[in-house]
Amino acid sequence: MYLLQVFVLQALWVSWCHATQHYPASWGHYDVCKSQVYAEDRLAWHYMACQPEATDMTKYLTVSLDPPNITCGDPPEMYCALENPYMCNNECDADTEELAHPPELMFDSEGRNPTTFWQSTSWKKYPKPLQVNITLSWNKTIELTDDIVLTFESGRPEQLVLEKSLDYGRTWQPYQFYASDCLDAFTMEPKAVHQLTPSTMLEIICTEAYSTGYVWKYDKTVRFEIKDRFALLAGPRLHNMASLYGQLDTTKNLRDFFTLTDLRIRLLRPATGATMVDENNLSRYFYAISDIKVQGRCKCNLHANSCVFDKGKLGCECEHNTTGPDCARCKRHYQGRAWSMGSYLPIPKGTANIFRPNASSLGAANRNQARVCDNVLLRCQNGGVCHHHQRCQCLAGFGGVLCETAQCQGDSCEDLQSSQLSLHPLPVAQTLLLTLLSLIPSLLATRGLTSL
């Protein structure tokens, strides 16, 4: 008898789960744009703010160097180790694959042996500065979600500036300055990110934490600390993301700080490892980068949870009747109100700010081009029927584009609504559950049992 009880209850539970699959759990990461829920005894769409999953954005960038001929190997050149001027066994030759160091090696898979890296020409034109601009372009607005990490195979530069653009490289603004001596290099007092506060978290600082000249085992990386800035609002372990999302929602400057279309790494002075440059051995001084990490997501203004890379371009797969690479415009015939981005608030699902059809703009000339109603997103309400996607045939007592307006008065409204409710079938989950319960006596009878 106990086994039969378990069997019946398990069958009921599985059936119930399948029937109620339209009720998702709490989506705390804004990864779903809409879900189906029961409203007024029928399925309807519930819209939420949404954004794509964070990923490795270096897979989608293009890289350019200035000056263009700054990469080593043309002509071939021999290099010496910074820490040992007599160890000169590092040859760079652009025409030999195993000796070449092109820019794409900054973005290949790590963990290979020997390590692959991009390398510049040496400082053979000293005292003229050895300076390189490395520009990473996405041709799309992206949002940073983790630290930017540069891994150097040579000594870390003594002077470096990280810059960003929000307008596809037309204008630039600094993200952070790096130097072995901030006062001397940039006339700025040195500061670390952990010295910032929530009110100063957008301050542009110069740090001396990443400019050690020699190459030590754990001293190869240069970071732009995104997560440390997040932690100023979300706590040390980012446990209070609600606070961060709330600030991102209400503070445009904060959102823009973590947003960019292009990133530029300005290498201004290579590692020298000493106060004086050894002019007799300039082949010791150069730049070499083995890896660049940029973690982020497409900016879709909380109107898409997917971003596709097609024909060399990134683009959001827009929801909520929006369109454009960043979902920054209303779809045609959906301009019933001005466009606005979605909202992280209220947490955890946010607000979609979905755009409805602009019925007044649909004249006779364009009614055949736009859908007024359908059976998916634009369902006719209150028992109305969609007719050729062009109009809702409303039941008596209701009007409006989607039959959303009650035209009855007084007691007649209650009579009309009660009659409409009687026309709606029970939800699928309730019907299935009642059916299964009705089968229990038959199951018991076949086994000679009369009660549980």
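For residues in segment 209-231 being among the small types (Gly, Ala, Ser) and within 28 Å of residue 272 (Cβ to Cβ), which is modelled with the lowest pLDDT?
Initially, segment 209-231 is screened for residues among the small types (Gly, Ala, Ser), giving 209, 211, 213, 231.
Right, trim to within 28 Å of residue 272 (Cβ to Cβ) and you get 209, 211, 213.
On the way: 209: 94, 211: 91, 213: 60.
Of everything passing the filter in segment 209-231, 213 is modelled with the lowest pLDDT.
From the residues in segment 116-162 that are open to solvent by 60 Å² or more (accessible area, probe 1.4 Å) and either in a strand (DSSP E or B) or in contact with a Ser or Thr (Cβ under 8 Å, 6 or more places away or on another chain) (or both), which one is farthest from residue 293 (Cα to Cα)? I'd like the intermediate steps shown before the answer.
Of segment 116-162, the ones open to solvent by 60 Å² or more (accessible area, probe 1.4 Å) are 124-129, 131, 139.
Checking which are either in a strand (DSSP E or B) or in contact with a Ser or Thr (Cβ under 8 Å, 6 or more places away or on another chain) (or both) leaves us with 124, 139.
Working: 124: 30, 139: 18 Å.
Checking each candidate, the answer is 124.
Kindly indicate whether residue 272 is under 14 Å from residue 123 (Cα atoms) and among the hydroxyl-bearing types (Ser, Thr, Tyr).
On the way: under 14 Å from residue 123 (Cα atoms): yes; among the hydroxyl-bearing types (Ser, Thr, Tyr): yes.
Against the criterion (under 14 Å from residue 123 (Cα atoms) and among the hydroxyl-bearing types (Ser, Thr, Tyr)), residue 272 qualifies.
What pairs come out if I take residues in segment 248-275 that are in contact (Cβ under 8 Å) with a residue 24 or more places away in the chain and pair them with residues that are open to solvent by 50 Å² or more (accessible area, probe 1.4 Å) and part of a helix (DSSP H, G or I) whose C-beta lies under 7 Å away, six or more apart or interchain?
Sorted first by the residue in segment 248-275, then by its partner, the pairs are 248/255; 254/247.
Considering every residue within segment 198-208, establish whether at least one is in contact with a Ser or Thr (Cβ under 7 Å, 6 or more places away or on another chain) and either at pLDDT below 95 or more than 20 Å from residue 274 (Cα to Cα) (or both).
First, pick out the residues of segment 198-208 that are in contact with a Ser or Thr (Cβ under 7 Å, 6 or more places away or on another chain): 208.
If we keep only those that are either at pLDDT below 95 or more than 20 Å from residue 274 (Cα to Cα) (or both) as well, we get none.
There is no residue in segment 198-208 that is in contact with a Ser or Thr (Cβ under 7 Å, 6 or more places away or on another chain) and either at pLDDT below 95 or more than 20 Å from residue 274 (Cα to Cα) (or both).
Any residue at all in segment 94-103 that is hydrophobic (A, V, I, L, M, F, W, C), open to solvent by less than 30 Å² (accessible area, probe 1.4 Å) and at pLDDT 70 or above?
yes
Restricting attention to segment 91-106, report how many residues are over 26 Å from residue 135 (Cβ atoms) and outside any helix (DSSP H, G or I).
2
Given the conditions (1) buried (at least 19 other Cβ atoms within 10 Å of the Cβ); (2) of a type in the set (Gly, Ala, Ser); (3) over 21 Å from the mean Cα position of the chain (by Cα), and given that residue 231 satisfies all but one, which numbered condition is not satisfied?
Status for residue 231: all satisfied but (3).
Any residue in segment 33-56 that's more than 18 Å from residue 141 (Cα to Cα) and assigned to a strand (DSSP E or B): show its pairings with residues that are polar (S, T, N, Q) and at pLDDT 85 or above at Cβ separation under 6 Å, as long as the two are six or more apart or on different chains.
These pairs meet every condition: 43/36; 46/35.
How about segment 163-176: which of its residues are in contact (Cβ under 8 Å) with a residue 24 or more places away in the chain and either assigned to a loop (DSSP other than H, G, I, E, B) or small (Gly, Ala, Ser) (or both)?
Residues satisfying the conditions are 165, 166, 167, 168, 169, 172.
Checking residue 179 against (1) open to solvent by 20 Å² or more (accessible area, probe 1.4 Å); (2) under 23 Å from residue 262 (Cα atoms); (3) more than 22 Å from the chain's Cα centre (by Cα); (4) free of Cβ contacts under 8 Å to residues at least 40 places away in the same chain, only one condition comes out false. Which one?
Every listed condition holds for residue 179 apart from (1).
State all residues of segment 222-240 that are closer than 17 Å to residue 295 by Cα and part of a loop (DSSP other than H, G, I, E, B); if no residue qualifies, say none.
225, 238
Suppose we keep only residues that are open to solvent by 30 Å² or more (accessible area, probe 1.4 Å) and touching a residue at least 24 places away in the same chain (Cβ under 8 Å) within segment 337-353. Which one would you say is nearest to residue 402 (Cα to Cα)? First the steps, then the outcome.
Residues of segment 337-353 that are open to solvent by 30 Å² or more (accessible area, probe 1.4 Å), as a first pass: 337-341, 345-349, 351, 353.
Applying the additional criterion that residues be touching a residue at least 24 places away in the same chain (Cβ under 8 Å) yields 341, 345, 347-349, 351, 353.
On the way: 341: 25, 345: 28, 347: 30, 348: 29, 349: 26, 351: 22, 353: 19 Å.
My answer is 353.
Please go through segment 182-205 and pick out each residue that is more than 27 Å from the chain's Cα centre (by Cα), assigned to a loop (DSSP other than H, G, I, E, B) and not charged (D, E, K, R). So that I can check it myself, show each step before the final result.
Of the residues in segment 182-205, the ones more than 27 Å from the chain's Cα centre (by Cα) are 182-191, 195.
Retained after the next criterion (residues that are assigned to a loop (DSSP other than H, G, I, E, B)): 187-189, 191.
Within segment 182-205, 187, 188 meet the criteria.
Which residue out of 260, 238 is farther than 20 Å from residue 159 by Cα and crowded, with 22+ Cβ neighbours inside 10 Å?
Working: 238 fails: crowded, with 22+ Cβ neighbours inside 10 Å.
Being farther than 20 Å from residue 159 by Cα and crowded, with 22+ Cβ neighbours inside 10 Å holds for just one of 260, 238, which is 260.
Taking segment 293-313 as the region of interest, how many residues are touching a residue at least 60 places away in the same chain (Cβ under 8 Å) and surrounded by 21 or more Cβ atoms within 10 Å (Cβ to Cβ)?
Counting residues in segment 293-313 that are touching a residue at least 60 places away in the same chain (Cβ under 8 Å) and surrounded by 21 or more Cβ atoms within 10 Å (Cβ to Cβ) gives 10.
Which residues, counting only those in segment 312-326, are over 13 Å from residue 50 (Cα atoms) and within 13 Å of the chain's Cα centre (by Cα)?
Those that are over 13 Å from residue 50 (Cα atoms) and within 13 Å of the chain's Cα centre (by Cα): 314, 315.
Run down 139, 113 and say which single residue is out of contact with any Asp or Glu (no Cβ under 8 Å at 6 or more places or on another chain) and free of Cβ contacts under 8 Å to residues at least 24 places away in the same chain.
Numbers: 139 fails: free of Cβ contacts under 8 Å to residues at least 24 places away in the same chain.
Every option except 113 fails the conditions.
Would you check which residues across segment 314-333 are without any contact (Cβ under 8 Å) to a residue 60 or more places away in the chain and of a type in the set (D, E, K, R) and list them?
Applying the first criterion (without any contact (Cβ under 8 Å) to a residue 60 or more places away in the chain) to segment 314-333 yields 317-318, 321-324, 327-333.
Within segment 314-333, 317, 329, 331, 332 qualify.
Looking at (1) at pLDDT below 95; (2) open to solvent by 60 Å² or more (accessible area, probe 1.4 Å); (3) over 30 Å from residue 51 (Cβ atoms), which one does residue 191 not meet, given that it meets all the others?
Evaluating residue 191 over (1) at pLDDT below 95; (2) open to solvent by 60 Å² or more (accessible area, probe 1.4 Å); (3) over 30 Å from residue 51 (Cβ atoms) leaves (1) as the failure.
The values are calculated or read from the model by the stated rules, or taken from the named source; none is laboratory data. Keep in mind the model is a prediction, meaning the values are calculated, not measured. Heads up, the Cβs are rebuilt from the backbone with ideal geometry, glycines too, and the neighbour counts pull from every protein chain shown. Quick note on the areas: whole protein, heavy atoms, side chains included, nothing else; ligands and nucleic acids left out. Shrake-Rupley method; radii C 1.70, N 1.55, O 1.52, S 1.80 Å.
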